[in-house]
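Reviewing the structure listed below.
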Amino acid sequence: MSTRTVFGACPHDCPDTCALQVTVENEKVIKVQGRTEHPSTHGALCTKVSRYPERTYHAERLLHPLKRVSRKTEPPVFVRVSWAEALADIAARLKAIAARDPQRIQPYSYAGTMGLIQGEAMAGRLWNALGAARLDRTICASAGVAALNATYGQRLGMHTRHFAGAKLIIIWGSNSIASNLHFWTYANQAKRDGAKLICIDPRKTETADKCHQHIAVLPGTDGALALGLMHELIAHGWLDQDYIDRHVDGWAELRAKALAWPPERVAEVCGISADEVRGLARDYGTTSPAAIRMNYGLQRVRGGGNAVRLVALLPCLTGAWRHASGGVLLSSSGWFAPFKNPALERPDLLAGRTPRMVNMSTIGDALLKAEPPIEALVVYNSNPVAVAPESPKVVKGFQREDLFTVVLEHFMTDTADLADYVLPATTQLEHLDVHTSYGHTDVLFNHPAIAPLGEAKPNTQIFRELAAAMGLTDPAFHDSDEQLAAQAFTADIDLGLLRTQGWQSLPIPEAPFADGGFHTPNGRAQAAGADYLPNYESAASAPELAARYPLAMISPPARNFLNSSFVNVKSLRDIEGEPVIEMHADDAAARGLLDGARVAAFNDRGRYVATLKVSPRARPGVVNGLGVWWRKLGAAGTNVNEVTHQRLTDMGNAPAFYDCLVQVELA
Ligand SMILES: Nc1nc2c(c(=O)[nH]1)N[C@H]1C(S)=C(S)[C@@H](COP(=O)(O)OP(=O)(O)OC[C@H]3O[C@@H](n4cnc5c(=O)[nH]c(N)nc54)[C@H](O)[C@@H]3O)O[C@H]1N2
Ligand SMILES: Nc1nc2c(c(=O)[nH]1)N[C@H]1C(S)=C(S)[C@@H](COP(=O)(O)OP(=O)(O)OC[C@H]3O[C@@H](n4cnc5c(=O)[nH]c(N)nc54)[C@H](O)[C@@H]3O)O[C@H]1N2
Ligand code: SF4
Ligand SMILES: [Mo]
């Protein structure tokens, strides 16, 4: 019997980017564990990824290319074809479109793997060489990214590990226990050392359960709460005027806005009490060091970018940045920017062309209305039919008979069901990759642990072979995955060390903004322009709509899924049980709905069927539709994106998933 251990990195869209240790016995992976030596993730994995072998060896893994033989509006029927046949046919179809207008070819990808190599390294080269349409990758974080760029010049923040030394931690728009486990370890350490933990979230999450206080704001009102905190900081003299004078531009303007937000007004808009506003301001104004773990939950609404700006400015006003354990963290990804090679995807192959850009968050409308039309769609690392907003339109777009769709996947997802060709891709255990992180500041290496299963190929290899089949001969398409990895970073990253140790930590200052030095052109934080914006859909901004659809619905992730990944892993699906809508007892009673009833959340866009859970996790007026189920594994072939809309956030053109009104009735 031969046993070996291989070092890897978790590929999933999660801030933690864990270092993995994979045990292979007789060429089969028998265990995936965390690496205790890796300081940032210290050997602990989440439940999902400890089940990685179950996902990889799943009986339904795609192992051969498949070609569709049924109509798009009929139940999917596929036949097995050879790689040679699939690639020749796909190449011919794409070449014919490219000869007319390459912008009618639309790539669609996101973060199924966060790896730089299996992400865009080779795919980007193909799209650039063809002059295919570009994709605005906005579906998750771009409102927050735009907000941080506008405020601080870059996506930068505190070190996760320094949360352990804070005396106050505000967890703002994040269910960290579910979605950022390794941050939670540090928060818990601070708690044991006497820190106060406060959670700001419409839902009483598992994380809220473990904090000293939970403030259940209405969705999309965080900007108003931040302005109210500023009001109190001003009124009580809790400002660090020296820090503001030296490091903040636009304070006079923001100060004037904040003065219009006394606690009573904030309380009314946010659906909380004025005392909660006052108490939170007192805690924040008088505790040091004070740290804010902001996350993406609060930016998925119309005013999400502005809300992030306002929250991000709070540590400038109290001077919390002076301490290593003070400040704010939304994303650490900007720290990697100087270490990444901008030429990896070979933008030079565009040769001066600027193809049109399509926003992935409005793919439903784009497929139905774009001019010139999208004629071909190549999807990899994403499951848009399940995860993109307003899925009735996304489905309709994918069902166009005149659309040629190729999907690279591990499984027959809702998206693969609507493809013309499905191509089997390798998992993280079968391919090489390198990773950055948006939680910590380490680069990681992933060695392949086993050979590809069946006829699966890495994304890179599929795009290499497709380029060859299309007659593209640039040497850029000959680089191996090893060579791509060697090109991913600047010389400051020691690839040799990365391969043997598995990770390399970036050299980052401990208290990065203790003396200002933000990454804006003048080094000062920018406060001008930030303001509260009400939701598209709320009683205040759309009273007629709210009369018909009086419940705000948010759709945060379920703990045991990762977006729509793992929904088909039975042991994890069994923990989640079934799609649920959580509702407060008062709202259920007002509708005569009982716990366990099969209900539908609906609005003018669609109807999402799920099981009602009458639960104190929901506040009055807000229902929680935990996401993101595969439609075909959900109830009545639906998921929560049946009812979300395609309007975009104030900054970053992101979806406003959590800015959504519905009514709920018996299904
Ligand atoms: N287990 C698990 N982990 C994940 C994921 C997953 O699907 N499952 N997804 C990964 C991905 S892609 C991402 S982007 C990150 C996301 O990481 P986070 O942004 O930390 O995501 P969540 O944990 O869902 O936290 C969002 C929280 O925001 C709350 N929320 C919703 N609307 C509002 C609002 O208007 N204001 C405030 N204050 N809170 C609001 C929700 O109830 C939810 O608890 O997590 C990653 N990690
Ligand atoms: N209503 C609602 N909708 C949401 C959200 C929400 O909170 N509420 N969250 C949003 C967020 S934050 C995000 S990030 C998006 C996520 O949306 P996506 O990035 O589409 O994420 P997943 O649903 O996990 O789908 C990723 C797919 O990539 C595949 N994959 C993984 N690795 C590889 C690989 O190496 N090669 C290939 N070819 N495929 C691979 C997986 O099998 C999986 O099917 O969803 C968004 N949608
Ligand atoms: S999903 Fe997140 S917590 Fe789970 S193993 Fe991957 S990086 Fe770690
Ligand atoms: Mo995300």
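Here are the numbers for this structure:
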{"read-out": "Karplus 3J(HN,Hα) series, Hz, for region 370-377 with 6.51 cos²θ - 1.76 cosθ + 1.60 (x for Gly, Pro)", "value": "4, 10, x, x, 6, 9, 9, 10"}
{"read-out": "Other-chain or far-sequence residues with amide H under 5 Å of Ala425's (modelled H)", "value": "Glu409, His410, Lys457"}
{"read-out": "Most positive-pole-ward Cα, Ala86, Trp127, Cys140, against dipole of region 44-152 from beta carbon charges", "value": "Ala86"}
{"read-out": "Other-chain or far-sequence residues with amide H under 5 Å of Asp240's (modelled H)", "value": "Thr318, Gly319"}
{"read-out": "In sequence order, calculated HN-Hα J values of region 346-354 (Karplus, 6.51, -1.76, 1.60; Hz; x Gly/Pro)", "value": "6, x, 4, 5, 5, 6, x, 6, 10"}
{"read-out": "Cysteines without a disulfide-compatible neighbour (Cβ-Cβ under 4.7 Å), the chain", "value": "Cys14, Cys46, Cys140, Cys270, Cys316, Cys660"}
{"read-out": "Loop-located trypsin sites (Lys or Arg not before Pro) in region 21-104 whose Cβ has at most 11 other Cβ within 10 Å (DSSP)", "value": "Arg71"}
{"read-out": "Accessible surface of the chain, 1.4 Å probe, proportion on carbon and sulfur as whole %", "value": "53"}
{"read-out": "The chain - convex hull of the alpha-carbon atoms, volume per residue in Å³", "value": "150"}
{"read-out": "Nearest-0.05 FRET efficiency for Ala590 and Leu497, computed from C-beta distance (R0 45 Å)", "value": "0.15"}
{"read-out": "Distance in nm between pseudo-label sites at Asp604 and Glu264 (7 Å out along the Cβ direction from Cα)", "value": "3.6"}
{"read-out": "Karplus 3J(HN,Hα) series, Hz, for region 2-17 with 6.51 cos²θ - 1.76 cosθ + 1.60 (x for Gly, Pro)", "value": "10, 10, 9, 10, 10, 8, x, 9, 5, x, 7, 7, 8, x, 7, 6"}
{"read-out": "The chain - accessible surface per residue (Å², probe 1.4 Å)", "value": "34"}
{"read-out": "Relative contact order (percent, whole number), region 403-499, Cα cutoff 8 Å, 6+ residue spacing", "value": "22"}
{"read-out": "Rounded Å value of the spacing that divides the Cα centres of region 523-583 and region 216-288", "value": "24"}
{"read-out": "Cut-off 15 Å between beta-carbons: net charge of the residues surrounding Asp481, Lys and Arg +1, Asp and Glu -1", "value": "-3"}
{"read-out": "Asp479, Asp604, ranked by accessible area, largest first (probe 1.4 Å)", "value": "Asp604, Asp479"}
{"read-out": "Where a label projected 7 Å from the Cα of Lys31 along Cα→Cβ would reach, residues of region 1-17 with amide N under 12 Å", "value": "4-6"}
{"read-out": "Amide hydrogen neighbours beyond the local backbone of Ala597, cut-off 5 Å, H modeled", "value": "Leu612"}
{"read-out": "Exposure of Thr73 as accessible area (Å², to 10), given a probe of 1.4 Å and all protein chains", "value": "90"}
{"read-out": "Gap separating the Cα centres of region 387-435 and region 56-84, nearest whole Å", "value": "11"}
{"read-out": "Taking region 564-662 and dividing mean pair separation by its residue count, relative contact order in percent (alpha carbons under 8 Å, at least six apart)", "value": "28"}
{"read-out": "Estimated dipole of the chain in Debye, rounded to 20 [Cβ of Lys and Arg +1, of Asp and Glu -1, Cα centre]", "value": "540"}
{"read-out": "Antiparallel content of DSSP bridges confined to the chain, in %, to 5", "value": "50"}
{"read-out": "Summed residue charge, Cβ within 11 Å of Thr56's Cβ, Lys/Arg positive, Asp/Glu negative", "value": "+2"}
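The values are calculated or read from the model by the stated rules, or taken from the named source; none is laboratory data. A quick note: this is a predicted structure, and the numbers were derived from the prediction, not measured. In this analysis, Cβ positions are derived from the backbone assuming ideal geometry, glycine residues included, and neighbour counts consider all displayed protein chains. Only protein heavy atoms, including side chains, enter the accessible area calculation; ligands, DNA and RNA are left aside. Shrake-Rupley method; radii C 1.70, N 1.55, O 1.52, S 1.80 Å.
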